[in-house]
Amino acid sequence: MSIEVRDLTKQYGGQKAIDGISFSLEKGEIVGFLGPNGAGKSTTMKILTGCLKPSSGKAFIHGVEVSEHPVQTKKITGYLPESNPLYGDMYIREYLSFIGDIHRLPNKKKSIEEIIDTVKLRPEANKKISQLSKGYKQRVGLAAALIHQPDVLILDEPTTGLDPNQIVEIREVIREYGKNRSVLFSTHILQEVEAICDRVIIIHQGKIITDSSLSHLQSQQNNNLIKLVLRERLEEVVWQNLPSLKSFRRIGDFEWELEGDDPEALKKQLLSLSLQNNWNLVSLQSENRSLEDIFRGLTKSPNHE
């Protein structure tokens, strides 16, 4: 295992930031680590990188326990924290040289120029960090995380502040880097996860609520969803007596999204209801949820909207 987490808990007073979570990553996996603000993502990443000690449980990088051997595990881990702390008075090459010295890189100058090209910093390479836009500061942080060619890469909101073109470029860097290494990254841009991940871990209120391949998650969550389009506006009360209906929400003036444990039975009930009330039915079909919809459904208290 490149990354392994066993029953990890971090408690602050009476509150548990993470509560007995376990997961692992193999070499070559790029895994999206998702959850609402305050779910425990950053806390988990800080423990994995040796910046924070757990209250209980263990975290391992390549079989080495992080809390017992933090220096050893830092040598093979790259980390871009959410806050991305940088020294604004340093020039880019000066800062990367400083990071290279920490890692005792044997060919430091070559490594600096290569990583500048990798993260597309060349146009700004002669500037002080304080002179950079937020997007380019993110690139400097990513360069610092990658300069020593770590086996494990942990990224906390790596595309914050980037414009759409920059996001695509950094996405390609992460995808290429993850071909023969392990990458765990958190993001609120769920299109990023759909673009580069095969697997997602969703954490909510300190607990992992799903750990699944992206395709399985989408297949599992999409099976029960139906989209109904009419030519007239209906009130919510019409759905009260449908036995197969689990939840519903209005997605437009004349459009509804409905979910049932037995979608075929629900379709029949909807057709029957339509005929009884002489509705002008435009379409009734199974619908695929976006990852954003799945995420919202899993991390919200169930209710009718």
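Counting just the residues of the stretch 211-253 that are β-branched (Val, Ile, Thr) and out of contact with any strand residue (DSSP E or B) (no Cβ under 9 Å at 6 or more places or on another chain), which one comes out modelled with the highest pLDDT?
For the stretch 211-253, the residue satisfying everything is VAL238.
What single numbered condition from (1) within 30 Å of LYS46 (Cα to Cα); (2) surrounded by fewer than 14 Cβ atoms within 10 Å (Cβ to Cβ); (3) among the aliphatic types (A, V, I, L, M) fails to hold for VAL237?
Looking at each condition in turn, VAL237 falls short on (1).
If you scan the stretch 253-275, which residues turn out to be part of a strand (DSSP E or B) and of a type in the set (D, E, K, R)?
Those that are part of a strand (DSSP E or B) and of a type in the set (D, E, K, R): GLU255, GLU257, GLU259.
Rundown of residues vs (1) in contact with a Phe, Trp or Tyr (Cβ under 9 Å, 6 or more places away or on another chain); (2) more than 23 Å from PHE98 (Cα to Cα); (3) not polar (S, T, N, Q), yes/no style:
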site: GLU157; (1), (2), (3): yes, yes, yes
site: ASP163; (1), (2), (3): no, yes, yes
site: VAL173; (1), (2), (3): no, no, yes
site: ARG181; (1), (2), (3): no, yes, yes
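Across the stretch 1-51, what is the number of residues that are farther than 27 Å from GLN191 by Cβ and hydrophobic (A, V, I, L, M, F, W, C)?
Matching residues across the stretch 1-51 total 5.
Looking at the stretch 108-126, which of the residues that are over 31 Å from the mean Cα position of the chain (by Cα) and farther than 19 Å from TYR177 by Cβ is surrounded by the most Cβ atoms within 10 Å (Cβ to Cβ)?
LYS108
Based on this model, can you work out whether ARG175 counts as surrounded by fewer than 23 Cβ atoms within 10 Å (Cβ to Cβ) and out of contact with any Pro (no Cβ under 6 Å at 6 or more places or on another chain)?
So ARG175 fits the description; yes.
The values are calculated or read from the model by the stated rules, or taken from the named source; none is laboratory data. Quick caveat, the model's predicted, so the values are computed rather than measured. Here the Cβ is made from the backbone with ideal geometry for all residues, glycine too, and neighbour counts use every protein chain on show.
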